[in-house]
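K.L.:
Handing you this structure, nothing more for now.
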Amino acid sequence: MVSRTDFLHALENDVKPAFGTSAEALDHLLIRGIINWGKPVAEILSDGNLYIQEARSTEGSGLVSVLLEGPPNSGKTALAAQIAKNSDFPFVKVCTPEDMVGFTESAKCLSIRKIFDDAYRSQLSCILVDNIERLLDYGPIGPRYSNLTLQALLVLLKKQPPRGRKLLILCTTSRRQVLDDMEMLSAFSTTLHVPNLSTPDHLLSVLEEMDLFSKDELLSLHAKLQGKRVFIGIKKLLCLIDMARQVEPNYRVVKFLSKLEEEGGLE
Ligand code: ATP
Ligand code: MG
């Protein structure tokens, strides 16, 4: 016979969330992988490893919270997911505003709290709080935000896990200034800046990886890009590359460059 306790146990431990397991949630954020387009990428990942070590260490406080901040489309979410994956912590949970569409403020706070409560029960946990300003319902017109959610997050960001438990919190935002205004920045142990691609070499590294242009085309792009200023987020660049794939090969280079200029990624 199935008792109520069995049922509750299963609900707590066996029932998978609708969007799949935590590992699947991370892989979903990493579908396109991480291209090592330059020094910033390598540095963010190696700093990430240091924070993982710090969170793991027995001498440490057991709590490490990292804010990955940078312009929209710069790759913050994917890099945070990669760091979470690198941690290899058995409990990994993604907390994203997308899963809380239509929630009331209090439902949102409860569900964030549930994620943290679950994490405290595991020895080594990692929580990825994606797009923190959207989780706070921040809108630039007004400006407005949910103070209830902000207060809840501030408490949880600083709350020490129970003795012997380790928690690594990774948060992302495109609105560093807003978080600063909300006095949230100081709640983090550290910040990692995720920049846009900013040199022709960064751009060429991605193009070489993407298997879109021939060797000759890459050489001609290399020449055309000399002395130019590049400024584009990896996510946007990957979109442009997808689009260029649809263009007839003869026009690809020209079309790609003109789109890049149009998007303000090249001067
Ligand atoms: P948003 O501002 O909309 O939140 P974002 O900065 O979080 O965007 P992501 O959603 O992480 O950007 O998108 C980055 C995309 O680029 C992902 O699909 C990721 O797999 C891919 N990608 C490839 N190389 C890298 C890299 N070096 N760093 C980050 N993302 C990369
Ligand atoms: Mg993101």
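K.L.:
Roughly what % antiparallel, to the nearest 5, for the DSSP beta bridges in the chain?
P.N.:
10 percent
K.L.:
Taking trypsin sites (Lys or Arg not before Pro) that fall in a DSSP loop and have at most 13 other Cβ atoms within 10 Å as cut points, what is the longest piece of the chain between them?
P.N.:
Longest run free of exposed loop sites: 33-120.
K.L.:
Now, a different point. Would you mind classifying segment 126-220 by shape? Square roots of the alpha carbon gyration tensor eigenvalues, ordered a ≥ b ≥ c; an a/c under 1.5 is rounded, otherwise it is prolate if a/b is larger than b/c and oblate if not.
P.N.:
Numbers: a/c = 3.46, a/b = 1.95, b/c = 1.77.
Taking the square roots of the gyration eigenvalues as a ≥ b ≥ c, segment 126-220 is prolate.
K.L.:
Give me the one-decimal nm value for the distance between modelled label points at VAL155 and LYS224, 7 Å along each residue's Cα-to-Cβ direction.
P.N.:
A separation of 5.7 nm, rounded to one decimal place.
K.L.:
Below 8 Å between Cα atoms, with a sequence gap of 6+, how large is the relative contact order for segment 133-267 in percent?
P.N.:
Over segment 133-267, the number comes to 18 percent.
K.L.:
Still on this model: Tell me the net charge near ASP137. Cut-off is 14 Å between Cβ atoms, ASP137 excluded, with +1 for each Lys or Arg and -1 for each Asp or Glu.
P.N.:
+1
K.L.:
How would you classify the chain from its alpha-carbon gyration tensor, with a ≥ b ≥ c the square roots of the eigenvalues: rounded for a/c under 1.5, else prolate if a/b is greater than b/c, otherwise oblate?
P.N.:
Judged from the Cα gyration tensor, the chain comes out prolate (a/c at least 1.5, a/b above b/c).
K.L.:
Can you bin segment 44-196 into rounded, prolate or oblate? Criterion: square roots of the alpha carbon gyration tensor eigenvalues sorted a ≥ b ≥ c, rounded for a/c under 1.5, prolate for a/b above b/c, oblate for the rest.
P.N.:
oblate
K.L.:
Here's another thing I want to ask about it. Taking the chain as a Gaussian network, Cα atoms linked when under 10 Å apart, which of PRO140, PRO161, PRO97 shows the biggest mean-square fluctuation?
P.N.:
Of PRO140, PRO161, PRO97, the Gaussian network model singles out PRO140 as fluctuating most.
K.L.:
Now for a separate question. Before anything else, pin down the relative contact order of the chain: Cα pairs under 8 Å, at least 6 apart, normalised by residue count, whole percent.
P.N.:
Values: 369 pairs, mean separation 63.1, N = 267.
Relative contact order for the chain comes out at 24 percent.
K.L.:
Now for a different question. Long-range amide H contacts for LEU63: which residues qualify at under 5 Å (H placed 1.01 Å from N, peptide plane, sequence gap of 5 or more or a different chain)?
P.N.:
LEU167
K.L.:
Let me ask something else about it. Any idea of the accessible area per residue across segment 21-163, 1.4 Å probe, to the nearest Å²?
P.N.:
Ligands and nucleic acids excluded, the result is 49 Å² per residue.
K.L.:
Let me ask you something else. Nearest 10 degrees is fine. How inclined is helix 215-225 to the longest principal axis of the chain, computing both from alpha carbons?
P.N.:
90 degrees
K.L.:
Let me ask something additional. Let me have the 222 nm mean residue ellipticity of the chain computed from DSSP H runs of 4+ only, each contributing -39500 (n - 2.57), with the sum over all residues rounded to the nearest 500. Kindly include the intermediate steps, with their values, before the conclusion.
P.N.:
Values: 12 runs with 131 residues, N = 267.
Estimated from H runs of four or more residues: -15000 deg cm²/dmol.
K.L.:
For segment 47-128, which GluC sites (Glu not before Pro) are in a loop by DSSP, counting at most 14 other Cβ atoms within 10 Å? Write down the numbers at each step before the final one.
P.N.:
Working: sites: GLU54, GLU59, GLU69, GLU98, GLU105; in loops: GLU59.
Hits after loop and neighbour filter: GLU59.
K.L.:
Here is a further query. Out of VAL230, VAL101, VAL253, any idea which swings most in a Gaussian network model of the chain, alpha carbons joined below 10 Å?
P.N.:
Residue with maximal mean-square fluctuation among VAL230, VAL101, VAL253: VAL101.
K.L.:
Summing +1 for each Lys or Arg and -1 for each Asp or Glu, what net charge is found among the other residues whose Cβ lies under 15 Å from the Cβ of ALA244? If you can, show how the numbers build up before the last one.
P.N.:
Values: positive: LYS224, LYS236, ARG245, ARG252, LYS255, LYS259; negative: GLU208, GLU209, ASP211, GLU217, ASP242, GLU248, GLU261, GLU262, GLU263.
Combined, the nearby Lys, Arg, Asp and Glu give -3.
K.L.:
Excluding residues fewer than 8 places away in the same chain, name every one of the aspartates and glutamates whose C-alpha is closer than 13 Å to that of LYS39.
P.N.:
ASP47, ASP201
K.L.:
Could you size up the charge dipole of the chain around its Cα centre, putting +1 on the beta carbon of Lys and Arg and -1 on that of Asp and Glu, and report it in debye to the nearest 20? Spell out each step's value before the answer.
P.N.:
Numbers: 31 positive and 34 negative charges, 82 e Å.
The calculated dipole for the chain is roughly 400 debye.
K.L.:
Any chance you could check the Cα centroid distance between segment 215-256 and segment 159-201 for me, in angstrom?
P.N.:
Between the Cα centre of segment 215-256 and that of segment 159-201, the gap is 32 Å.
K.L.:
Between THR190 and GLU24, 0.36 nm times their residue separation minus their Cα-Cα distance comes to what?
P.N.:
57.1 nm
The values are calculated or read from the model by the stated rules, or taken from the named source; none is laboratory data. Note that the coordinates shown come from a computational prediction; the quantities given were computed from them, not determined experimentally. Because the Cβ atoms are built from the backbone with ideal geometry, glycine has one as well, and the counts that use them run over all protein chains shown. All accessible areas refer to the heavy atoms of the entire protein, side chains included, with ligands and DNA or RNA removed. Shrake-Rupley method; radii C 1.70, N 1.55, O 1.52, S 1.80 Å.
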